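Down below is the structure, laid out as structure tokens.
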Amino acid sequence: MEKNLSNKLIITAALTGSSISKADTKYIPITPEEIADSGIGAWKAGASVLHIHARDPATGLGTQDVKIFKQVVDILRKETDAILCLTTSGIPGRNLPTEERLQPLALNPEMVSFDAGSVNMRDKVFINSLEFLTTLAKETIAKGIKPELEVFEPGMVQNCIYFLEKGLLKQPMHFQFVLGVPGAMPATAKSLVYMTDIIPSGSTWSVIGIGTRQLPMAMMGIAMGGHVRVGLEDNIYYSKDVLAESNAQLVERVVRIAKEYGREVARPEDARKILSLQ
Ligand code: ZN
């Protein structure tokens, strides 16, 4: 990789997720226009990757309906050059059929999420069976989409290595460490160091800290030379008892910290090179 690229920081903004409601925070974007607007704001603030869920207008909850995804994606493709990473998670706990979860791939995004195993999330079970992941992996290869390997605990890295050996994932792989989900690996420095130790060499990585752990994990990701995801999907607060007012606000803070630390923020064209998307 070009030397000046290796120091650059990719910020991913997770705009809305599937389950946070307006009752939780009035700032959560729900309609396609709101989600797209929030994405434009985050991209202007410094995010080069936008992680996108769509919401069902009837329930307000996550949907994999490609028609709704398309409304968001069309606006973002017109207004930004951001890398779009569309979710394949559905709604954790609902166990949607594979075809339903894979609908967003029809829009040929540059990236999709690949939740590399099953995990308890407090009272919900987020099921990602070998069968589902095999189908998803094959589709990403067929379509030339880069999977973002979301790993919640070390066993999921082993799943990714298994898929790599089967030829269903390709190097260089990009891991997104999801730390601090209730029931999975805690968001601590030790967790992050361990996870970065066990991924195949040559991989890139980014870190998510859930809730109050978003900021400390972002700071560790910056300091350790990785990349960072922030956003309202993972954390709705800016500080104790103070709601974040936008995804952009959360991105702006990471940009300030990165600047103080001496890491330049990657723009999408840099991120494409770092992630081997081009
Ligand atoms: Zn997500």
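Sequence-distant contacts, meaning Cα pairs under 8 Å at least 6 residues apart, place the relative contact order of region 137-278 at 17 percent.
When nucleic acids and ligands are ignored and a 1.4 Å probe is applied, TYR261 ends up with an accessible area of around 130 Å². Karplus-derived 3J(HN,Hα) values for region 230-245, using 6.51 cos²θ - 1.76 cosθ + 1.60 with θ = phi - 60°, are 10, x, 5, 4, 9, 6, 9, 9, 8, 8, 3, 6, 10, 5, 6, 8 Hz; glycine and proline are entered as x.
Close amide-amide hydrogen proximity is noted between GLU148 and VAL112, SER113, PHE114, each under 5 Å apart and 5 or more residues distant or on a separate chain (H modeled in the peptide plane; Pro and chain starts excluded). Taking the chain as a Gaussian network of alpha-carbon nodes connected by springs under 10 Å, the highest mean-square fluctuation of the residues GLN176, GLN71, GLN214 belongs to GLN71. When the listed pairs LYS70/LYS273; LYS8/LYS78; LYS22/LYS146; LYS70/LYS143 are checked against a 29 Å cut-off, the alpha-carbon distance exceeds it for LYS22/LYS146.
Karplus-derived 3J(HN,Hα) values for region 29-40, using 6.51 cos²θ - 1.76 cosθ + 1.60 with θ = phi - 60°, are x, 10, 6, x, 5, 5, 5, 5, 4, 5, x, 4 Hz; glycine and proline are entered as x.
Across ASP24, ASP37, ASP81, mean-square fluctuation computed from a Gaussian network of the chain (C-alpha pairs under 10 Å connected) peaks at ASP24. For ASN95, the amide hydrogen comes within under 5 Å of the amide hydrogens of ILE127, counting only partners 5 or more places away or on other chains and with H modelled in the peptide plane.
A 1.4 Å probe run over the protein chains yields, for the chain, 43 Å² of accessible area per residue, whole-number rounding. Think of each Lys and Arg Cβ as +1 and each Asp and Glu Cβ as -1; about the Cα centre, that makes the dipole of the chain roughly 380 debye. Across the accessible surface of the chain, with the other protein chains kept in place and a 1.4 Å probe, carbon and sulfur atoms take up 52 percent. In the chain, the sites counted are GluC sites (Glu not before Pro) in DSSP loop states with at most 16 other Cβ atoms within 10 Å, and the longest stretch holding none of them, exclusive of the sites, is 3-244. From its DSSP helices (H runs of at least four residues, each -39,500 (n - 2.57)), the chain gives a residue-normalised ellipticity at 222 nm of -11000 deg cm²/dmol.
Note on the chain: with a GNM built from Cα contacts shorter than 10 Å, the maximum mean-square fluctuation among ASP65, ASP74, ASP234 falls on ASP74. Summing +1 for each Lys or Arg and -1 for each Asp or Glu among the other residues whose beta-carbon sits under 13 angstrom from that of LYS44 gives -3. The phi torsions of region 258-269, fed into the Karplus equation with coefficients 6.51, -1.76 and 1.60 and a -60° offset, translate into couplings of 4, 5, 4, 6, x, 9, 6, 7, 6, 8, x, 5 Hz, rounded to whole numbers, with Gly and Pro shown as x.
Taken as Cα centroids, region 247-278 and region 28-104 sit 20 Å apart, rounded to the nearest whole angstrom.
Across the chain, how large is the tail of the calculated P(r) beyond 32 Å, expressed as a percent of all Cα pairs? Cα-Cα pairs of the chain separated by over 32 Å account for 14 percent.
The values are calculated or read from the model by the stated rules, or taken from the named source; none is laboratory data. From a predicted model like this one, the values you see are computed outputs, not experimental measurements. Counting neighbours? That spans all protein chains shown, and the Cβs are built from the backbone with ideal geometry, glycine included. For accessibility, only protein heavy atoms count, side chains too; no ligands or nucleic acids. Shrake-Rupley method; radii C 1.70, N 1.55, O 1.52, S 1.80 Å.
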